[in-house]
Structures are given as structure tokens and as C-alpha cells.
1. Using the C-alpha gyration tensor of the chain, what are the square roots of 5 times its eigenvalues, in whole angstrom, with the largest one first?
2. With charges set only on the Cβ (+1 for Lys and Arg, -1 for Asp and Glu), what does the dipole of the stretch 19-165 come to about its Cα centre, in debye to the nearest 20?
3. What percent does the relative contact order of the chain come to when contacts are Cα pairs within less than 8 Å and at least six residues apart?
4. How would the stretch 73-152 be classified by its alpha-carbon gyration tensor: rounded, prolate or oblate, with rounded meaning a/c under 1.5 and the a/b versus b/c comparison settling the rest?
5. Relative to the first principal axis of the alpha-carbon coordinates of the chain, what is the inclination of helix 19-32, with its axis defined by its Cα atoms, in degrees from 0 to 90 and to the nearest 10?
6. Would you mind ranking D141, D166 so that the residue whose beta carbon has the fewest other beta carbons within 10 Å leads the list?
7. Shape call for the stretch 48-101 from the C-alpha gyration tensor, a ≥ b ≥ c root eigenvalues: rounded (a/c under 1.5), prolate (a/b greater than b/c) or oblate?
8. Give me Y86, Y25 sorted ascending by neighbouring Cβ count inside 10 Å, so fewest comes first.
Amino acid sequence: MLAGMSAPLPLPDDTTASPALAEEYAAARERGGSVMAILRAMGPRAELVRAFLALADAALYGPAALGRREREVLALATSQANEAGYSAAIHAALLGELGAEPGARDRVLADFARRLTLAPAEAAEAVAELRAHLSPDEVYDAVAVVGLLNFANRAALATGITDADDLG
């Protein structure tokens, strides 16, 4: 380890999880067959994992003005802007599964995600530009996805997770 560098933040696992967190991990395994590292990056508090999952379900997967694919475009662009490799790889794969060729609307969404992520002080201008292309409800969806991904990306980067940190 380099001088001045500390050990990585320990990720909760099956042996260190509280009973409530162990329940969240068990539910994750039932849903998807594993515990994704991003859930471990949320730390030891089960209520944070539950809240993150609820927000992700609402912002990315639930009914919305923006289509599912468009929300993945935003998620991928945000993760790429943050250089969050773990998240970028996941959202690139999900976007690939959803198919369709990228178009002008994708570019507008990706530009918005990058700007809101890299220049948050320009949020009002970024929203104004996006409103020229999207309805107000679609803009709210875009803001929610970018906000969620910035939160998740910060947790992923702070803990240094990789896909090797997923638990089977």
C-alpha cells in the first residue's frame, strides 16, 4: 500500500451483516441470484439499502414519462461522466439488452446527464435546454435518474467496488 493510503472501506458481507441487512441480501438473491456490489457499497444499514432499492425501482424501472431505454441512456452517461466503471458496465449491458439505435434524443439526454453531473451549478440552464426537447414530466424523470446515479456512483467510487464484490 502506498504511503498515506489507507485500507479500503470494508464492505458488509454475509458474515458481518446484521439480521436486517442479511434479509435484504437474501431478498436480492431471490430477485437476481446474487447481491450486487452496489448494495454492499450502501454500507451496513439495511434501511439505506431498502431506500436505495425503492428509489432505483421508481426512477429506473417503474412507470415514468421517459421510456425504460431512455432512463438507461441517462444512467450510462452519468456513470461514464463520473468514471464509475462498475456502474457504467452494468448500465451499458442493460442498455444493450434494450436495443435500438441511438438517436438525437439519446444525445440530448446524455448531454444533460453529463452536464448535470459535471457542472451541477449549471443545473438550471441544463434543465432549460432539456425542456426544449422534453415535457416537464420527462425532465423530472431525467433529473431523478441522474440524481440516483450520482448517489450510487459516489458510493461505488468511495468503496472501490468491482463486479468481483458481487456476492453469489
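Quick note: the coordinates plus some simple rules give every number you see, no bench work behind them. These numbers were taken from a predicted model, which means no experiment stands behind them. Neighbour counts run over all protein chains shown; Cβ positions are idealised from the backbone, glycine included.
1. Each semi-axis is √(5λ); the values are 30, 18, 14 Å.
2. Using Cβ point charges on Lys, Arg, Asp and Glu, the stretch 19-165 gives about 160 debye.
3. About 33 percent, as a whole number.
4. oblate
5. Result, in degrees: 50.
6. D166, D141
7. The shape class here is oblate.
8. Arranged by neighbour count, lowest to highest, Y86, Y25 become Y25, Y86.
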